[in-house]
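K.L.:
This is the structure I want to talk about, given as C-alpha cells.
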Amino acid sequence: MKSQLLRNDPSASVAGRAAGLTLVELLVAMTIGLVLIIGATQVYVDSSKAYGINEATARLQENARYALSVLEPDIRMSGYWGLTNVSDGITGIAQPTDAQSALGAPAASTCGVNFPLLLGFPVQGTNNAYTATCAANSAAMPNADTITVRRASTIIVPPATASGPLRICSTRTSGLLVTDITGSFCQGVNAQINNLIVNLYYVDQSSSQAGVPSLRRKALNAGPAFQDDEIVPGVEDLQVQYGVDLSGGFGAASEYLNAGAALTNLLTPPPPTTPAQIVAVRIWLLVRSDAPEAGFTDDRIYEYGDRLLPGTTGDLTNAADNTKAYQPSLSADNSFTGVKHYRRLLVSKTIRLRNALQL
C-alpha cells in the first residue's frame, strides 16, 4: 500500500528523475572530457617535442664548445719550441722539398715526407681537401679543410727520461730535434727537453656512432708514430683561414687567406725587410645533431669560410661545389636519415697565436 502511494505521488517521481543524467547531459559531459583529454595530450606532445628540440640544441652547443676547447689552446700554442722561439735555430728540422730524414722515420713519416719535422710551419693547412698520406679513419670529408699544429709540449721532460719519442732540446739561443736525449746538448745544464707535438685535425665521414661524421686528429705519439683519435662526433665541416701580418711584425692580421694558400714574403731565412707571418687562425665548425628529426627540414643557408654565395649546394662531398654556400634542404636524399633532416649549429672562432714573433 505504501509503495502504491509513492508511485502515485508526483513529487516522488520528480525527485527520482532529478537524481540521474539525461542522455544529452551525458553526451555533453563526454564531449567536454574528450576535449580536455585531447588538449592535455596536445600539450604533452608539444612539450615533448620542445624538450627534444631543446635537448638536441643543447647537445649541439655542447659538442661545439668541446671541439673549440680542444682546437683553441693547441692552435694558440703553435710555434712554441721550449726556451727558443725561432724554429730556424733548431737543428734537425726539415723543409718540404728535403729528402726524407732518418729522424723519427719511418713511423713518423707516415702522414707525409718529413711531416713532423716541418717546424718552419707551426700551423699548416689544406683547403677543401685531405692530402695526408696516412689514411683517414673511415673516409675524410673531401671538401673539408684540415689544419696541422706543430709545437713543443708545455710539460718539461726530466733529463733522466728514456729516449724514444721525437723531442726538442732547447736553450735560449738554439735547439735540437732528436729521439736520443742522452747527448751532451740535451743533458746540458742550460737545456730544456720537451716532447714534440704534431696534431693533424680533419673531418671524417664516420665516427663511433654509425653514419655520423666526426672531428678527428692524427696525433704524433711515443712510437714515434701517428695515432688516430676521435675528438667529437657530429662535426660535419671544418673551414680554416690564416690571419697574415704583412706589416713587418706588428702582430695584427692584415688579411685572411684560405688554408693552404701560397704565402709569400714569409719569415724565412734570409728574412725580408718586412717579413710576413701567420699571427692568427680563424676556424668554422659546422656541427649537426646525432640523429635526424621527424618532420624537420633544415632549409637554412650556411655561408662561412670560402663557402659563399652566390650559389648553394646540398652536398658537402661534391668537389665541384666546394666553394658554394651549404643548404641541406637541397640534398637529393629524401630518406628519413638524409642530411636535410638534421639540426645544425655553425660556430666560428678567431685564435691569436701566442708565439708569433714581434719584430
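The values are calculated or read from the model by the stated rules, or taken from the named source; none is laboratory data. Note that this is a predicted model, so its numbers are computed, not measured. Neighbour counts run over all protein chains shown; Cβ positions are idealised from the backbone, glycine included.
K.L.:
Might you let me know whether the stretch 111-126 holds any residue that is outside any loop (DSSP other than H, G, I, E, B), at negative phi and aromatic (F, W, Y)?
P.N.:
Step one: of the stretch 111-126, the residues outside any loop (DSSP other than H, G, I, E, B) are 115-117, 123-126.
The next check asks that each one be at negative phi; those that pass are 115-117, 123-126.
Narrowing the set further to residues that are aromatic (F, W, Y) leaves 115.
So far as the stretch 111-126 goes, yes, one or more of its residues are outside any loop (DSSP other than H, G, I, E, B), at negative phi and aromatic (F, W, Y).
K.L.:
If you check every pair at least six apart or on different chains, which have Cβ atoms under 7 Å apart with a residue in the stretch 78-107 that is under 18 Å from I156 (Cα atoms) first and a residue that is among the charged types (D, E, K, R) and surrounded by 15 or more Cβ atoms within 10 Å (Cβ to Cβ) second?
P.N.:
S78/R150; S78/R151; G79/R151; Y80/R151
K.L.:
So, one more: For the stretch 330-346, what are the residues that are part of a loop (DSSP other than H, G, I, E, B), more than 17 Å from E303 (Cα to Cα) and not hydrophobic (A, V, I, L, M, F, W, C)? I'd like the intermediate steps shown before the answer.
P.N.:
To start, the set of residues in the stretch 330-346 that are part of a loop (DSSP other than H, G, I, E, B) comprises 331-338, 342-343.
From what is left, the residues that are more than 17 Å from E303 (Cα to Cα) are 332-338, 342.
If the condition is that a residue be part of a loop (DSSP other than H, G, I, E, B), more than 17 Å from E303 (Cα to Cα) and not hydrophobic (A, V, I, L, M, F, W, C), then D333, N334, S335, T337, G338, Y342 are the ones that fit.
K.L.:
Among the residues of the stretch 319-334, is any basic (K, R) and farther than 18 Å from V235 by Cβ? Steps first, answer last, please.
P.N.:
Pass one, the stretch 319-334, residues basic (K, R): 324.
The next check asks that each one be farther than 18 Å from V235 by Cβ; those that pass are 324.
Within the stretch 319-334 (the criterion being basic (K, R) and farther than 18 Å from V235 by Cβ), the answer is yes, since at least one residue qualifies.
K.L.:
Now, a different point. Is it the case that T274 is at pLDDT below 95, part of a loop (DSSP other than H, G, I, E, B) and closer than 20 Å to V203 by Cα? Steps first, please.
P.N.:
Numbers: at pLDDT below 95: yes; part of a loop (DSSP other than H, G, I, E, B): yes; closer than 20 Å to V203 by Cα: no.
Judged against the criteria, T274 is not a match.
K.L.:
Is at least one residue of the stretch 212-223 among the hydroxyl-bearing types (S, T, Y) and farther than 13 Å from R150 by Cα? Full working, then the answer.
P.N.:
Taking the stretch 212-223 and keeping what is among the hydroxyl-bearing types (S, T, Y), we get 214.
Still in the list and also farther than 13 Å from R150 by Cα: 214.
Within the stretch 212-223, one or more residues are among the hydroxyl-bearing types (S, T, Y) and farther than 13 Å from R150 by Cα.
K.L.:
Could you figure out which of (1) surrounded by fewer than 21 Cβ atoms within 10 Å (Cβ to Cβ); (2) modelled with pLDDT under 95; (3) over 28 Å from T173 (Cα atoms) isn't true of A102?
P.N.:
Failed condition: (3).
K.L.:
Considering G175, G120, G125, G112, which residue is surrounded by 22 or more Cβ atoms within 10 Å (Cβ to Cβ), small (G, A, S) and closer than 26 Å to I283 by Cβ?
P.N.:
On the way: G175 fails: closer than 26 Å to I283 by Cβ; G120 fails: surrounded by 22 or more Cβ atoms within 10 Å (Cβ to Cβ); G112 fails: surrounded by 22 or more Cβ atoms within 10 Å (Cβ to Cβ).
That would be G125, the only listed residue that is surrounded by 22 or more Cβ atoms within 10 Å (Cβ to Cβ), small (G, A, S) and closer than 26 Å to I283 by Cβ.
K.L.:
Residue by residue through the stretch 166-210, note down the ones that are assigned to a loop (DSSP other than H, G, I, E, B) and of a type in the set (K, R). Don't jump to the end; show me each part of the working.
P.N.:
Taking the stretch 166-210 first, the residues assigned to a loop (DSSP other than H, G, I, E, B) are 166, 171-174, 179-191, 205-210.
If the condition is that a residue be assigned to a loop (DSSP other than H, G, I, E, B) and of a type in the set (K, R), then R172 is the only one that fits.
K.L.:
Is it the case, given these coordinates, that S207 is more than 22 Å from A108 (Cβ to Cβ) and within 19 Å of the chain's Cα centre (by Cα)? Working first, answer last.
P.N.:
Working: more than 22 Å from A108 (Cβ to Cβ): yes; within 19 Å of the chain's Cα centre (by Cα): yes.
Yes.
K.L.:
Further, regarding this structure: Inspect all residues belonging to the stretch 192-201 and state whether any of them is out of contact with any Asp or Glu (no Cβ under 8 Å at 6 or more places or on another chain), under 26 Å from Y302 (Cα atoms) and surrounded by fewer than 19 Cβ atoms within 10 Å (Cβ to Cβ).
P.N.:
no
K.L.:
Tell me, please, whether a residue that is free of Cβ contacts under 8 Å to residues at least 12 places away in the same chain, outside any helix (DSSP H, G or I) and of a type in the set (S, T, Y) can be found in the stretch 316-329.
P.N.:
no
K.L.:
With A29, A50 as the choices, which residue is touching a Leu at 6+ places or on another chain (Cβ under 8 Å) and either β-branched (V, I, T) or without any contact (Cβ under 8 Å) to a residue 12 or more places away in the chain (or both)?
P.N.:
Numbers: A50 fails: touching a Leu at 6+ places or on another chain (Cβ under 8 Å).
After ruling out the rest, the residue left standing is A29.
K.L.:
Looking at G188 and the list (1) closer than 24 Å to A105 by Cα; (2) more than 25 Å from the chain's Cα centre (by Cα), which single condition is not satisfied?
P.N.:
Unmet condition: (1).
K.L.:
Listed residues L34, L21, L60; which is outside any helix (DSSP H, G or I) and more than 30 Å from Q192 (Cα to Cα)? So that I can check it myself, show each step before the final result.
P.N.:
Working: L34 fails: outside any helix (DSSP H, G or I); L60 fails: outside any helix (DSSP H, G or I).
Going through L34, L21, L60 in turn, the sole match is L21.
Here is a yes/no grid of residues against (1) surrounded by 12 or more Cβ atoms within 10 Å (Cβ to Cβ); (2) at pLDDT 90 or above:
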residue: G16; (1), (2): no, no
residue: T22; (1), (2): no, no
residue: E55; (1), (2): no, no
residue: Q61; (1), (2): yes, yes
residue: Y80; (1), (2): yes, yes
residue: N85; (1), (2): yes, no
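K.L.:
When you scan the stretch 130-143, how many residues do you find that are assigned to a loop (DSSP other than H, G, I, E, B), under 22 Å from Q241 (Cβ atoms) and either among the aromatic types (F, W, Y) or touching a residue at least 24 places away in the same chain (Cβ under 8 Å) (or both)?
P.N.:
Looking only at the stretch 130-143, we keep the residues that are assigned to a loop (DSSP other than H, G, I, E, B), and these are 130-139, 141-143.
Then keep just the ones that are under 22 Å from Q241 (Cβ atoms); that gives 130-132, 141-143.
Pick out the ones that are also either among the aromatic types (F, W, Y) or touching a residue at least 24 places away in the same chain (Cβ under 8 Å) (or both) and you get 130, 132, 141-143.
Final tally of qualifying residues: 5.
K.L.:
Among the residues of the stretch 149-165 satisfying the criterion of being touching a Ser or Thr at 6+ places or on another chain (Cβ under 9 Å) and part of a strand (DSSP E or B), which is surrounded by the fewest Cβ atoms within 10 Å (Cβ to Cβ)?
P.N.:
This residue is V149.
K.L.:
With respect to P142, determine if the residue is over 27 Å from A320 (Cβ atoms) and either surrounded by 17 or more Cβ atoms within 10 Å (Cβ to Cβ) or not acidic (D, E) (or both). Break it down into steps so the answer makes sense when it comes.
P.N.:
Working: over 27 Å from A320 (Cβ atoms): no; either surrounded by 17 or more Cβ atoms within 10 Å (Cβ to Cβ) or not acidic (D, E) (or both): yes.
Judged against the criteria, P142 is not a match.
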